[in-house]
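Engineer: Structure below; questions to follow.
Derivation of every value follows stated rules applied to the coordinates shown; laboratory data play no part. Computed from a prediction, not measured in an experiment: that's the story for all the values here. Ideal geometry is used to build each Cβ from the backbone, glycine not excepted, and the neighbour counts take in all protein chains shown.
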Amino acid sequence: MRTPLLAGNWKMHCTPTETAALIQELRASLGDYDQREVLVAPPFTALATAATELDGSGILLAGQDLHWEDSGAFTGEIAGPMLTAVGCSHAIIGHSERRQYFGETDGRVALKIRAALRNRLVPIVCVGETLEERESGQMTDVIERQVRGALGALDARSIGSSVLAYEPVWAIGTGRVATPDQAQEVHAAIRALLGEIADADAAASCRILYGGSVKPDNVDTLMAQPDIDGALVGGASLKAKDFARIVHFQS
C-alpha cells in the first residue's frame with residue numbers, strides 16, 4: 001500500500017511571520033489524520049520559522065527547489081545541505097514554473113534529483129504537458145521524455161523511494177482541472193513507464209501525486225483513482241481549512 005502524500009506548495013507567498021500564523025492555523029484545523037502524510041513547502045526565507053512551528057506535529061517540510069551542487073559560487077541558490085540543516089525531508093524539483101520561467105531542463109532536473117538523494121532528501125519530481133502539447137498529441141512523448149530524463153540514470157531503489165507529481169501545466173492556477181479519468185490515464189502510463197525504467201517493485205512503490213488546481217471540491221474524486229497517491233496543492237494550501245479538507249479527503 002502506498003501512503004497518500006498531501007503536499008502544499010506555497011510558492012512565493014508568506015513572510016516568516018505569516019508562515020508562523022498559517023502553520024498554527026493549519027495545525028489547529030488538521031486535527032488527527034491517519035494513514036497519510038502531510039507536507040508543506042514554504043519559501044526559503046521562512047523554512048526555519050516553519051521548522052520551529054512544525055515541531056512535534058508530524059507535518060513534513062520541503063524546499064521548493066535546490067541546486068545540484070552542495071556548495072559553491074552560485075549566488076542566490078540553495079544547496080541540499082542547507083535544506084537538511086533547517087529540517088527539510090523533501091525537495092520539489094522540476095516544477096513547471098521552474099521549467100517555464102527559469103529555463104529548467106530535463107538534464108538539470110536529473111542533476112538536482114541526484115543532489116537531493118545525496119543529501120537524504122526525498123525528491124518530489126514534477127512532470128507535465130502544456131495545453132499546446134496536449135492538443136497537438138505530444139502529451140505522451142513529453143511526459144515520457146521528462147520521466148526518462150529525470151529518473152533514467154537512477155537505480156530501482158532510488159526510483160521506488162522518490163515521489164513524482166503529474167501536473168498538467170494547463171491546469172495550474174487556472175481553475176481548470178484534469179478529469180479524474182484523464183489524470184488516472186496519465187498516472188497509470190507513468191507507473192507503467194517506471195516499470196520499464198526500473199522494475200515492477202519500484203513502479204508499485206513510487207508515489208505519483210496529482211497537481212493542478214486541486215481543491216476541496218475535487219480532491220475526493222481524484223483520490224479515488226487507483227494510481228493517484230496524493231496531491232501537490234498550490235493556492236488551496238495557503239488556506240488552512242481548505243488544505244485540511246484536502247488532507248482529510250474521502251475516497
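Engineer: With θ taken as phi - 60° and the coefficients 6.51, -1.76 and 1.60, list the Karplus ³J(HN,Hα) couplings across segment 67-72 in order, rounded to whole Hz; mark glycine and proline as x.
Structural biologist: Per residue, the Karplus-derived 3J(HN,Hα) values read 7, 7, 9, 7, 6, x Hz.
Engineer: Turning to a different aspect of this structure: Check the straight Cα-Cα distances from Lys241 and name the aspartates and glutamates below 18 Å, setting aside those fewer than 8 residues away within the same chain.
Structural biologist: By straight Cα distance, Lys241 reaches Glu18, Glu25, Asp32, Asp34, Glu37, Glu53, Asp217, Asp220.
Engineer: Between segment 110-131 and segment 167-218, what's the alpha-carbon centroid distance in Å?
Structural biologist: Cα centroid of segment 110-131 versus Cα centroid of segment 167-218: 15 Å apart.
Engineer: Grab the Cα-Cα distance for Glu77 and Ala51, subtract it from 0.36 nm times how many residues apart they are, and report the gain in nm with one decimal.
Structural biologist: Details: separation 26, 0.36 × 26 = 9.36 nm, distance 1.98 nm.
That works out to 7.4 nm of additional length.
Engineer: Among all helices in the chain defined by DSSP H, which have a length of 20 Å or more along the axis from Cα atoms plus a Kyte-Doolittle mean of at least -0.5? Each step should come with its number before you reach the end.
Structural biologist: On the way: long enough: 16-30 (21 Å, 0.17); 180-197 (25 Å, 0.04).
Those that pass (Cα extent of 20 Å or more, hydropathy at least -0.5) are 16-30, 180-197.
Engineer: Longest segment of the chain with no chymotrypsin sites (Phe, Trp or Tyr not before Pro) in a DSSP loop having at most 16 other Cβ atoms within 10 Å?
Structural biologist: 75-251
Engineer: Would you work out the charge dipole size for the chain about its Cα centre, treating the Cβ of every Lys and Arg as +1 and the Cβ of every Asp and Glu as -1, and quote it to the nearest 20 debye?
Structural biologist: Details: 22 positive and 32 negative charges, 74 e Å.
About 360 debye.
Engineer: Normalise the Cα radius of gyration of the chain by 2.2 N^0.38 Å (N = residues in it) and let me know the number.
Structural biologist: Dividing the Cα radius of gyration by 2.2 N^0.38 Å gives 0.94.
Engineer: Taking the inverse of the average 1/r across all pairs of different Cα atoms in segment 29-173, what Kirkwood radius in Å do you get?
Structural biologist: One over the average 1/r among Cα pairs gives 16.2 Å for segment 29-173.
Engineer: On a straight-distance basis, which lysines could pair with Lys112 in a cross-link, Cα separation under 26 angstrom, same-chain partners fewer than 8 positions away excluded?
Structural biologist: Hits, sequence-local ones excluded: Lys11.
Engineer: Right, another one. Among Val142, Pro216, Phe243, whose Cα sits farthest toward the positive end of the charge dipole of the chain (+1 at Cβ of Lys/Arg, -1 at Cβ of Asp/Glu, about the Cα centre)?
Structural biologist: Towards the positive end, the residue furthest out is Phe243.
Engineer: Quick one: which residues, 5 or more positions from Ala165 or on another chain, have an amide H under 5 Å from its amide H? H modelled 1.01 Å from N in the peptide plane, none for Pro or chain starts.
Structural biologist: Val125, Cys126, Val127, Leu209
Engineer: Sequence-distant or interchain residues sharing an amide H contact under 5 Å with Ile78, placed H: which?
Structural biologist: Amide H neighbours of Ile78: His67.
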